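Notes to accompany the following structure.
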Amino acid sequence: MMKIKSIERNKFKTTVYDIETPTHDYILSNGVISHNTQEIYAKPVLSGGTGIMLASDLVWLIGRSQEKDGTELAGYNFTIKIEKSRYVREKSSIPITVKFEGGVSKYTGMLDIAIELGAVVKPSNGWFSPVDMTTGEISTKKFRRADTDTPEFWDRILNNQVFKDKVAKRFKVANGSISESSTIIEDEDD
């Protein structure tokens, strides 16, 4: 829960909107999390025009579903969809599982990413096997989803340079100089 430290009056008049959607979703925009707002399913027209989308450096849509252990609620699965970002490739989807006991797993979301990038295969329904991305060899050992949350399963995959390169290519936004000859000219007073 957030507590208000102080309130200052603004001498400018501003229009304020109270907007709500019928579902329980979250939006992260420039470090502010808005719950159940911005009519996120009506993408072409945001309330108040496209100003919020255009003015934001980051717009992340966060969806939530229950994580169950049998019939007991054990936590929540969050899916972060990157709508706009200067740091992560737009339209990326990042799954995160948060359990009541233990919090966020060290390897949360990695299984889906590894399957997408070919570092893990499903040899049969409900089973997963790591792939050596350097040689293409599929491990003969099979793991259930719950058993993939261990260093035994992930260490070889995460230390493989081919996998690291594919993850960077999939999620990283390009950076560096605009051209090979671009330089930064510093002011002599600095």
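The values are calculated or read from the model by the stated rules, or taken from the named source; none is laboratory data. What you see is a predicted model, and the numbers here were worked out from it, not measured in a lab. Neighbour counts are summed over all protein chains in view; Cβ atoms, including those assigned to glycine, are modelled from backbone coordinates with ideal geometry.
Remarks
- Within the stretch 77-94, tally of residues that are acidic (Asp, Glu) and exposed (fewer than 15 other Cβ atoms within 10 Å of the Cβ): 1
- Yes/no for Ala74 being in the same structural domain as Gln161 (by TED's automatic domain parsing), surrounded by 11 or more Cβ atoms within 10 Å (Cβ to Cβ) and at pLDDT 55 or above: no
- Among the residues making up the stretch 131-160, a single one is of a type in the set (Gly, Ala, Ser) and surrounded by 11 or more Cβ atoms within 10 Å (Cβ to Cβ): Ser139.
- Only one of the listed residues (Phe128, Phe163) is of a type outside the set (A, V, I, L, M), in a helix (DSSP H, G or I) and either touching a Cys at 6+ places or on another chain (Cβ under 9 Å) or crowded, with 16+ Cβ neighbours inside 10 Å (or both). That residue is Phe163.
- Residues (out of contact with any Lys or Arg (no Cβ under 6 Å at 6 or more places or on another chain), modelled with pLDDT under 95 and not small (Gly, Ala, Ser)) located in the stretch 112-121: Asp112, Ile113, Ile115, Glu116
- Restricting attention to the stretch 57-84, the residues that are hydrophobic (A, V, I, L, M, F, W, C) and either assigned to a loop (DSSP other than H, G, I, E, B) or on the phi > 0 side of the Ramachandran plot (or both) add up to 1.
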